[in-house]
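The values are calculated or read from the model by the stated rules, or taken from the named source; none is laboratory data. Note that the structure is predicted; figures quoted are calculated from it, not measured. Backbone-built Cβ (ideal geometry, glycine too); neighbour counts: all protein chains shown. We work out accessible area using only protein heavy atoms, side chains counted, and drop any ligands, DNA or RNA first. Shrake-Rupley method; radii C 1.70, N 1.55, O 1.52, S 1.80 Å.
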Amino acid sequence: ILFGVFVFLVLYVDIVSAIVAAPGLAFAVLLGISTVSVYHWVNRFDTLGDYTSLPIDADEVLRAKALTFAVIALPVAYAYLLVGVVMFFEDGGLLEVALGVAVLPLVVAYVFGVTSYLTGLDPNELLLNSKLFSVFTAAISVVAVPLFVASIAYLRFPVESGVFAIAFSAVAAVVGFFLYGRAKEKWV
């Protein structure tokens with residue numbers, strides 16, 4: 001659904017296609033945010049209590065869930081990014097494509113960390129608790145808005161926007177890994 005909306009906006013809404021000079025970057029950010037649905041799916045059917053009779057500890061379960069998330073979310077997001085690149089790639093856009101490829105896993109790491117910290121293994125709480133959803137939205141916006149602005153600024157400042165996007169996303173990924181570590185302490 002997000003892919004369809006993005007394609008429609010970039011192809012058919014003139015103001016969006018004129019403003020978003022780096023659709024690879026903007027699309028990578030959008031895809032990174034959408035991986036929250038993979039987190040929901042990975043944690044939907046079981047709890048830590050379901051593993052108490054097995055000879056594994058909570059850290060192993062959480063590591064396995066993180067690995068499962070990465071193994072599903074990243075390839076799917078990259079597949080959609082590839083389709084987007086094929087649709088929107090123009091001559092001279094190699095830097096912009098590389099930017100999307102580099103930023104995507106960093107945004108995914110941030111989204112994973114924020115989601116795991118806020119919801120633990122019960123991500124459906126995010127959908128039911130308006131206060132929690134507001135905090136989640138604010139936390140995601142702190143990263144998404146500057147990156148979307150960088151995709152707009154790319155038209156005039158391609159190198160500077162690219163460097164900013166990668167550096168800012170890298171810092172966000174570090175924050176995501178930190179939040180994931182805190183989530184393990186908080187929810188176990």
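Return yes or no: is residue 134 free of Cβ contacts under 8 Å to residues at least 24 places away in the same chain, closer than 23 Å to residue 47 by Cα and open to solvent by 60 Å² or more (accessible area, probe 1.4 Å)?
Working: free of Cβ contacts under 8 Å to residues at least 24 places away in the same chain: yes; closer than 23 Å to residue 47 by Cα: no; open to solvent by 60 Å² or more (accessible area, probe 1.4 Å): yes.
In short, no.
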Problem set entry | the stretch 96-128, residues that are more than 23 Å from residue 184 (Cβ to Cβ) and either open to solvent by less than 40 Å² (accessible area, probe 1.4 Å) or in contact with a Gly (Cβ under 6 Å, 6 or more places away or on another chain) (or both) | 96, 97, 99, 100, 102, 103, 104
Problem set entry | Residue within the stretch 140-147 that is part of a loop (DSSP other than H, G, I, E, B) and polar (S, T, N, Q) present | no
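Quick one: in the stretch 160-188, which of the residues that are without any contact (Cβ under 8 Å) to a residue 40 or more places away in the chain and more than 15 Å from residue 26 (Cβ to Cβ) is surrounded by the fewest Cβ atoms within 10 Å (Cβ to Cβ)?
Here is the first cut: in the stretch 160-188, the ones without any contact (Cβ under 8 Å) to a residue 40 or more places away in the chain are 160, 163-164, 167-168, 171, 174, 181, 185.
Narrowing further to those that are more than 15 Å from residue 26 (Cβ to Cβ): 160, 163, 167, 171, 174, 181, 185.
On the way: 160: 12, 163: 13, 167: 11, 171: 13, 174: 14, 181: 13, 185: 8.
Step by step, filter the stretch 160-188, then rank; the result is 185.
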Seminar exercise, completed: Of (1) surrounded by 13 or more Cβ atoms within 10 Å (Cβ to Cβ); (2) in contact with a Phe, Trp or Tyr (Cβ under 9 Å, 6 or more places away or on another chain), residue 74 fails just (2)
Exercise. Which of the following residues is out of contact with any Leu (no Cβ under 8 Å at 6 or more places or on another chain), more than 29 Å from residue 60 (Cβ to Cβ) and assigned to a helix (DSSP H, G or I): 102, 165, 109, 150?
Worked result: 102
Exercise. Do we find that residue 53 is small (Gly, Ala, Ser), closer than 25 Å to residue 143 by Cα and open to solvent by 40 Å² or more (accessible area, probe 1.4 Å) in this structure?
Worked result: no
Exercise. Failed condition for residue 10, given (1) among the aliphatic types (A, V, I, L, M); (2) more than 19 Å from residue 186 (Cα to Cα); (3) at pLDDT 75 or above; (4) in a helix (DSSP H, G or I), with all others met?
Worked result: (3)
